[in-house]
Every structure is written in C-alpha cells, then in structure tokens.
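Some notes on the structure that comes next.
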Amino acid sequence: MKLQWVVKAEESVPRISHGMIGKALGFVDGARDWHPATTAPFNRDLELRLAGHRRRCTLPFPCRHTPDGWMNSDLNVRIDLPAIEWRCWRSS
C-alpha cells in the first residue's frame, strides 16, 4: 500500500519525468523490496503477494516457503494459490 503523499506526488509529476521520479518514490514506499516468488528462501517468515483475478493481493500474515509449497506460518496451513512475489516479513 502506497503512502498517500507518494500517490499525490506521482499524480503531480509531469509525464516526461514520471519514470525517474516514480522509481525514486518506489524506494520510499517499499515497492522495491519485492522479489520474484521463484527466488524465495526456504523456512523463513515472508510477506507474500498472490495474483488475483484483476489485481495483486498481499497476504496479511507471515508465510513460509517449504519443499511442500507455501504455508501460513501462524496456522501451519498450506496456501494453494500461486505466489508471484515475496519480501521479508516486517513484524509490527
């Protein structure tokens, strides 16, 4: 989820420089921390993004990549939806 001021800044930037400024703003809102699901480490708490019907969905609980697939770390339940991205779990 992007910070509100980041969204406003992106809307107010002219189209020519939007790419460069958009990349810089990506570092601020954490968008650059995501990695392809195929590179996920095993047996670590991770934040997981799934491919939804029309958009991406970030799961609100920690997940673990295991030899048997993706698991909900809290409930030890298998996740049978395709993962597309991961990043380190940030505990609150």
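Throughout, read-outs are computed from the coordinates displayed, never taken from laboratory work. Everything numeric here is computed off the predicted structure, so don't read it as measured data. Note that each Cβ is placed from the backbone with ideal geometry, even for glycine, and that neighbours are counted across all protein chains shown.
The range 35-88 has equivalent-ellipsoid semi-axes of 16, 12, 10 Å, by the square roots of 5 times the alpha carbon gyration tensor eigenvalues, sorted largest first.
In terms of packing, defined here as the mean over residues of other Cβ atoms within 10 angstrom, the peptides 68-74, 50-56 line up highest first as 68-74, 50-56.
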